[in-house]
Amino acid sequence: MVSFSSKLFRTLLVCGFAVTVSSVDAQDRPPVDPAKVDALIQGMFTRVSPEWRARAVLDDTQRACTERRNQVSGAEADAIQARERASVVLPPDGNFLGDWRKGFQVANNGRGLQFSDPAGTVAGGNCYACHQMSPKEVSYGTLGPSLAGYGRERNYDPELIRDAYIKIFNAQAAVACSNMPRFGSSKVLTIDQIKDVLAYLFDRQSPVNQP
Amino acid sequence: MSRMRGILALVAAAATCAGIAGTMAQTQDESEREIERYRAMINDPMANPGYLAVDRGEVLWAQARGTKAVSLETCDLGEGPGKLEGAYAKLPRYFADADRVMDLEQRLLWCMEKIQGLDTADVIRRRFSGPGRASDMEDLVAFIANKSNGTRIEPQTAHAREREMLAMGEALFYRRAGAMDFSCATCHAEPGKRIRLQGLPDFSTPGKQAQETMGSWPTYRVSQSALRTMQHRLWDCFRQQRWPEPAYASDGLTALQMFLNVQAAGGEITVPSIKR
């Protein structure tokens with residue numbers, strides 16, 4: 001908040017807009033009453049179904065990450081990771097790798113869970129929105145790290161395959177307040193879809209592991 | 001004049017559509033460059049199809065409607081009844097008569113109901129235009145925002161209610177929710193990031209990126225063949241965030257616009273612009 005205000009102060013001074021500077025300074029900005037913010041936000045969704053309305057209600061982890069703006073550490077981070085780890089379901093057959101071709105479809109599919117989607121739409125993981133994966137694909141996002149060569153660079157290590165499964169199933173079991181969705185725990189993807197994405201990352205034949 | 005402008009705009013729109021069809025098979029990178037080229041070509045008041053909306057809005061503003069059969073010309077957008085010049089640059093702001101902080105859309109709906117006695121249900125049903133369905137709100141916002149061209153975004157925070165709205169907008173910007181735990185900040189709090197090939201403006205710090213974004217809405221969206229306002233942009237953001245559909249002209253969207261305009265303070269308004 002302090003840096004926000006000081007940066008704003010400088011910007012306004014540079015632009016010659018001294019008139020609004022004092023009024024948006026930190027000391028003049030009232031502390032936000034969380035109940036009022038909750039009410040404001042619920043007021044946006046009065047016309048949607050109860051199922052949809054529930055998605056705007058924060059769970060404990062969303063609440064903690066919102067209040068801390070993702071800057072958590074120590075005991076607080078440990079508590080989030082322990083809670084989220086408890087919701088991870090490992091594959092019942094003990095096999096982590098599915099079909100990399102299907103995994104590509106999941107990684108490339110941005111549909112699902114939008115209010116514009118028809119009922120019954122199968123959701124994708126939309127990995128390419130944020131990550132580079134196959135080095136041949138030019139249309140990839142940069143919000144997350146590049147995953148090109150992911151399995152190859154890890155020598156296809158079974159321990160790291162298991163870690164990656166947990167990361168995709170629930171990113172916050174690995175890193176508290178990670179920006180990544182909790183794909184398995186939030187029921188965006190099924191266990192089989194996650195196994196297919198893992199194969200896309202770890203199969204030696206996958207384009208991800210080709211030059 | 002108006003008709004001439006309309007004909008030119010239609011010719012430009014047809015050229016734009018042909019251009020877009022031609023680039024579909026190429027990479028998105030090339031499409032972006034093509035669209036940038038068309039944007040430069042038709043970013044001209046005589047050719048930007050968004051100005052058709054400005055013209056329609058001008059007619060709607062002066063048209064007698066509602067049970068009281070009067071126009072909107074006595075509507076006070078904050079600078080005095082009927083005064084349009086520079087009004088958009090200072091919205092959202094607090095209105096004593098309504099005892100609320102309102103953005104332009106909320107204020108227009110209020111004026112329609114109070115001054116014209118107009119049933120806004122139909123206006124709200126047509127909030128976003130589509131094929132064969134004009135939107136009074138998009139047209140009015142285009143007309144009124146255009147009257148702030150050349151002025152700079154000047155967020156109003158002198159009133160306690162305005163500061164409260166700003167604080168709530170900032171809180172909303174950082175709020176993580178929905179099936180994918182996304183907040184606005186997930187995509188818009190770091191410079192130089194992109195989704196696929198689409199660049200993402202950083203709104204976490206005040207300055208150029210916020211100024212260029214907020215100073216260029218409403219805009220003509222080439223990909224939608226429609227003029228869109230910030231209400232539509234935020235509606236689409238909520239959709240992509242996997243949040244529930246936000247109600248049109250609800251206070252949460254006003255709070256977000258207040259926060260974004262504070263980040264964009266001093267940005268020059270040039271609207272309607274033209275975008276992808």
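With every protein chain left in place and a probe of 1.4 Å, what is the accessible surface of B:GLU212, to the nearest 10 Å²?
Here the residue's solvent-accessible area equals roughly 110 Å².
I need the trypsin sites (Lys or Arg not before Pro) found in segment A:113-161, filtered to DSSP loop residues with at most 12 other beta carbons within 10 Å of theirs.
Within segment A:113-161, the qualifying trypsin sites (Lys or Arg not before Pro) (loop, at most 12 other Cβ atoms within 10 Å) are A:LYS136.
Considering chain B as a Gaussian network with a 10 Å cut-off on Cα pairs, which listed residue, B:LEU104, B:LEU72, B:LEU197, attains the greatest mean-square fluctuation?
Between B:LEU104, B:LEU72, B:LEU197, it is B:LEU197 that shows the largest mean-square fluctuation.
Where the only charges are on Cβ atoms (+1 Lys, Arg; -1 Asp, Glu), what is the dipole of segment B:197-275 about its Cα centre, to the nearest 20 debye?
Roughly 220 debye, rounded to the nearest 20.
How long, wide and thick is the protein assembly as shown, going by the Cα atoms along their three principal axes, in whole angstroms, largest first?
The Cα atoms of the protein assembly as shown stretch 73, 53, 45 Å along their principal axes.
Which length gain, in nm to one decimal place, applies between A:LEU90 and A:VAL57 when the Cα-Cα distance is subtracted from 0.36 nm times their residue separation?
Taking A:LEU90 through A:VAL57 to full extension adds about 9.2 nm, to one decimal.
Lysine pairs in chain B with alpha-carbon atoms under 20 Å apart, 8 or more places apart or on different chains: how many are there?
For chain B, the number of qualifying lysine pairs is 9.
Would you calculate, for the protein assembly as shown, the mean residue ellipticity at 222 nm contributed by helices, counting each DSSP H stretch of 4 or more residues as -39,500 (n - 2.57) and dividing by all residues, to the nearest 500?
Calculated mean residue ellipticity at 222 nm is -13000 deg cm²/dmol.
Can you pull out the buried accessible area for chains A and B, both sides counted, probe 1.4 Å, rounded to the nearest 100 Å²?
Chains A and B together bury roughly 5300 Å² of accessible area.
Just to make sure I understand: if all protein chains stay in place, what is the order of B:TRP243, A:TRP100 by accessible area at 1.4 Å, largest first?
Sorted by accessible area, descending: A:TRP100, B:TRP243.
In what order, largest first, do B:MET41, B:MET258 sit by accessible area if the probe radius is 1.4 Å?
From most accessible down to least: B:MET41, B:MET258.
Would you list B:ARG242, B:ARG152 from the most to the least accessible area, probe 1.4 Å?
Largest accessible area first, the list is B:ARG152, B:ARG242.
Under a point-charge model restricted to the Cβ atoms of Lys and Arg (+1) and Asp and Glu (-1), what is the dipole moment magnitude of segment A:23-181 relative to its Cα centre, in debye to the nearest 20?
It works out to roughly 400 debye.
Cross-link candidates for A:LYS167: which aspartates and glutamates have Cα within less than 16 Å, leaving aside residues fewer than 8 places away along the same chain?
Counting by Cα, and skipping residues close in sequence, A:LYS167 has these aspartates and glutamates nearby: A:ASP78, A:GLU84, A:ASP157, A:GLU159, A:ASP192, A:ASP196, B:ASP181.
Extending each Cα 7 Å along its Cβ direction at B:ARG133 and B:CYS237, get the distance between those two points in nm, one decimal.
2.4
Averaged over its residues, how many other protein chain Cβ atoms are within 10 Å of peptide A:121-127's Cβ atoms?
1
Taking the Cα centre of the protein assembly as shown as origin and charging only Cβ (+1 Lys, Arg; -1 Asp, Glu), how large is the dipole, in debye to the nearest 20?
The dipole magnitude comes to about 520 debye.
The values are calculated or read from the model by the stated rules, or taken from the named source; none is laboratory data. No experiment lies behind these values; they were computed from the predicted model shown. All Cβ positions, even for glycine, are placed from backbone atoms using ideal geometry, and neighbour counts span all protein chains on display. Side chains are part of the model used for accessible areas, which takes the heavy atoms of the whole protein and leaves out ligands, DNA and RNA. Shrake-Rupley method; radii C 1.70, N 1.55, O 1.52, S 1.80 Å.
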